[in-house]
Amino acid sequence: MMGQARAKQLADRIQVLVAELLERRIKDPRLGFVTVTDAKLTADLGEASVFYTVYGGEQDRVSSAAALESARGLIRSEVGKALGLRRAPTLAFYLDAVPETAGQIEELLAKARQADAEVAKSAAGAKPAGDADPYKRREDDDSDDE
């Protein structure tokens, strides 16, 4: 249990370190507006997965991925120095698909709201198919007087 807590703590630190390195040290012109969204570290502290997003289009994502890959060795050595570990974890960078998925969900919700509004508009002047009050009441019903 302690190992998992330490791995989580170090993963959080790796996320911050990588973000700072990308902002200050990595001067690759291919690197776009990259945001480090998360980092996960294996329990043995040997491998770190770094998740990121890129602002822009597909070409920005491709060029930023290439820049991250070429800077991976430098980033790994700097992370290792900063963490003070005997062996720096290997780094793997993964494009985080959460923002794209969130955008798709927002589009679907907008379509659903529009469809609901159309249904509400068409139902506004509608009348029930049967009687206005489908529940028949009998005048001689004394069941609640007992």
Karplus 3J(HN,Hα) series, Hz, for region 13-25 with 6.51 cos²θ - 1.76 cosθ + 1.60 (x for Gly, Pro): 5, 4, 4, 5, 4, 5, 4, 5, 4, 5, 6, 9, 9
Restricting things to Cα coordinates, could you compute the convex hull volume per residue of region 44-88 in Å³? 77
Hydrodynamic radius by Kirkwood for region 1-137, inverse mean 1/r across distinct Cα pairs, in Å, is 18.4
Go through 109-119, 6-16 and give me the packing order, highest mean Cβ count within 10 Å leading. 6-16, 109-119
Relative contact order as a percentage, the chain, C-alpha pairs under 8 Å and 6+ apart, gives 20
Does region 1-81 come out rounded, prolate or oblate by the C-alpha gyration tensor, with a ≥ b ≥ c the root eigenvalues, rounded set by a/c under 1.5 and, if not, prolate when a/b is larger than b/c and oblate if not? prolate
Of every hundred units of 1.4 Å-probe accessible area on region 1-85, the number belonging to carbon and sulfur atoms, as a percent, is 54
For the chain, with every protein chain kept in place, what is the accessible area per residue (1.4 Å probe, Å²)? 73
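The values are calculated or read from the model by the stated rules, or taken from the named source; none is laboratory data. No experiment lies behind these values; they were computed from the predicted model shown. Counting neighbours? That spans all protein chains shown, and the Cβs are built from the backbone with ideal geometry, glycine included. Remember, those area values only see protein heavy atoms, side chains included, never the ligands or the DNA or RNA. Shrake-Rupley method; radii C 1.70, N 1.55, O 1.52, S 1.80 Å.
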